[in-house]
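The values are calculated or read from the model by the stated rules, or taken from the named source; none is laboratory data. Note that the structure is predicted; figures quoted are calculated from it, not measured. Note: ideal-geometry Cβ built from the backbone for every residue, glycine included; neighbour counts use all protein chains shown. Remember, those area values only see protein heavy atoms, side chains included, never the ligands or the DNA or RNA. Shrake-Rupley method; radii C 1.70, N 1.55, O 1.52, S 1.80 Å.
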Amino acid sequence: MLKKIGLTTTVPVEVLVTAGYSPVDLNNIFITSEDYLKYIDIAERDGFPKSLCAWIKGIYGACLENDIKEIVGVVEGDCSNTRALIEVLQLKGIKVYPFSFPHSHNLKDVEIEIRKFMNIFNVTEESVEQTRQRLNKLRELAKEIDELTYLENKVNGFENHIYQISLSDFNGNVDNFENSLKDAISEIKQRKPINRKVRLGYIGVPPMTGDIYEFVESLDAHFVYNEVQREFAFPRAITAKNIFEQYYDYTYPYNTTFRINELKKQIEERKIDAIIHYTQAFCYRAVEDIVLKKQLDIPILNIEGDKLNVLDARTKLRLEAFIDMLSDLKEAN
Amino acid sequence: MRILGIDLGSREVKIVVMEKDKIVIKKKISTMKFYRDYCSFDGKVIVDLGKLDIGEIDRAVSTGYGKNNTNLKLFTQINEIKAHVYGAMYQTGLKDFILLDVGGQDVKVIKVEKGITTDLELNEKCAASCGRYLENMANVLEVSLDEMSKHYKDPVELNSTCAVFSESELIGSIAEGVSVEKLYAGVNYSLYKRLRPLLSKFKGKQLILAGGVANNLAIREYLQNDYSEIISIEEPQFNGAIGCCYYGSRFLRED
């Protein structure tokens, strides 16, 4: 039985797998659990403020309730709340290994951080590279599912979201997950394309409100792009020379300008009509919306989620109004 | 191509005909009269276009206040949010703005970015922040709406959140001998105060005012402090009907 290690966000998982760990993305446990509200509650009872992102509290509760003894905490490049979160987890006796995506976003600095990470887990660059090659096979499969989403329209937005996001921890078992990806691909290929009027891009952190996918479909629209989920799956890892390049070429933790270049490419390639930018309540990423709206020449709707795991009536109304007018424009063209 | 746009409001039905992107006919009929004298019912409301006396029509689009039957036979029905946004876009040429529409019985605040609605808020709970409130208060004060709407200085405090209680509060002030100017301003200011919380979520630079209440000078004066620019449109009451025509000319596909 492999030892479990909890993740607060995507980290160089190749290192952990090489070291004989089974990574567990705490976000995934939190959001897929029927007890998700209980996890938030546990955190609030332990003193986490009401006015704090529900993800942080959910991760905390999920970590304690699922008997996770060790975690990797990303202290730079993700949110600064994580830094405080891991301090509280340490207080609870959980062993924390820190990791940083350096703000400088310089290849050399990324390499330094990953080497530090490899030293902590006592693994060599060569063995990590072997693991990377192995995991890249799965990344290629995930990429294929993504292509089946936007090129052939055979995968709906929610499935795409789930498959891409699962590459942060390979659902706890690399071999099993590889088989399920292969099965999925052969099943998907048999399908008929889903044609909906409006092509949307989903950007921002994965939603608390998973029903957004189904809801937009009811309005004759669908998501053909899940930005951060796709980044978690590392579609460009296959062409990266080594692990350092792979984690350097990753848009999630660095600056907005770098992220925007990739967004522009994807909007063009996937023929996206408009963007839904999801941000979590109390998160600094909502401020980035200003930059994104300015830099991307495409309609953008910013929606915000907090604790609820379903869309509220007001957000639904906003999505309806937005998509309704997009459909008009589509009709006119 | 001639396009007919009808906005079925709670107080009045607004009718606009557009030809080659220009407004050629505009008329208002009281809502009661419209349904009684111009329509018949056969599963759906049928409008007698002959009686409206607007000439030949190629396309017809309707919108209206949510609770009314706005789904007219042979008309394409669009929602009121869209109708008002398109009306404002047609009349101002702007693509980024906040639209405040205060009608007879409801209030809409809509945020438009890059020509598309991104946020909205509707007030459907009480008419104390709507045109009907101003009408009632003007009746109590025995003054015309136009005259009352000119006064904004030194308003008397009216603190009731309810339109009916406000009436008795107003009468109390009349009895105390408060000047009519202060009373007029007080009514306008109390409406503005009820709009303010709704607007607080919609900070921005340009505010377009539409709906009948857009003609109220005092409200415009008060709003001036909250936005860099208040944009008036020429036909605030016809905005929804104009939006219907705009939709009909730009987006409606021939079947």
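Of note:
- Taking a straight line from the alpha carbon of A:K50, these lysines sit under 20 Å away, with near neighbours fewer than eight places off in the same chain left out: A:K38, A:K307.
- Proximal aspartates and glutamates relative to A:K197, as straight alpha-carbon distance under 13 Å, when same-chain residues fewer than 8 apart are discounted: A:E217, A:D220, A:D273, A:D324, A:D328, A:E331
- Counted charge near A:L7, where neighbours are those whose Cβ lies closer than 11 Å (Asp, Glu -1; Lys, Arg +1): -3
- Here region A:3-120 has 50 percent of its accessible surface on carbon and sulfur atoms, given a 1.4 Å probe and all protein chains in place.
- The tail of the calculated P(r) for region A:3-120, taken as Cα-Cα distances beyond 21 Å, holds 36 percent of the pairs.
- Computed label-point distance, nm, for sites A:D35 and A:S186 using a 7 Å Cα→Cβ extension: 3.7 nm
- Test item: B:21-34 mean partner chain Cβ contacts at 10 Å: 0
- Under 10 Å, Cβ to Cβ, from A:S100 - net charge with Lys/Arg +1 and Asp/Glu -1: -3
- Accessible area buried at the A-B interface, both sides summed, 1.4 Å probe (Å², nearest 100): 1700 Å²
- The packing ranking, built from the mean of other Cβ atoms within 10 Å per residue, places the peptides B:131-143, A:161-173 in the order A:161-173, B:131-143, highest first.
- Extended-chain gain in nm, criterion 0.36 nm per residue less alpha-carbon gap, B:V164 and B:R196: 9.5 nm
- Local electrostatic count, B:V180, Cβ distance below 14 Å [Lys/Arg +1, Asp/Glu -1]: -2
- Ranked by the mean number of other Cβ atoms within 10 Å of their residues, highest first, the peptides B:188-195, A:309-316 come out as B:188-195, A:309-316.
- Relative packing of peptides B:174-183, A:100-109 - highest average C-beta neighbours within 10 Å first: A:100-109, B:174-183
- Per-residue mean of C-beta atoms belonging to partner chains within 10 Å, peptide A:311-323: 3
- Label zone at B:K33 (point 7 Å along Cα-to-Cβ), backbone N below 20 Å, region B:110-137: B:132, B:135-136
- Listed by chain and number, the lysines whose C-alpha is less than 18 Å from the C-alpha of B:K26, apart from same-chain residues fewer than 8 away, are B:K14, B:K51.
- Considering only Cα atoms, the convex hull volume of the protein assembly as shown works out to 179 Å³ per residue.
- Per residue, the solvent-accessible area of the protein assembly as shown (1.4 Å probe, heavy atoms of protein chains only, all protein chains present) comes to 44 Å².
- Partner shielding of A:299-310 amounts to 2, given as the average count of beta-carbon atoms from other chains within 10 Å of each residue beta-carbon.
- In the protein assembly as shown, helical runs assigned H by DSSP with n ≥ 4 each contribute -39500 (n - 2.57); averaged across all residues and rounded to the nearest 500, the mean residue ellipticity at 222 nm is -14000 deg cm²/dmol.
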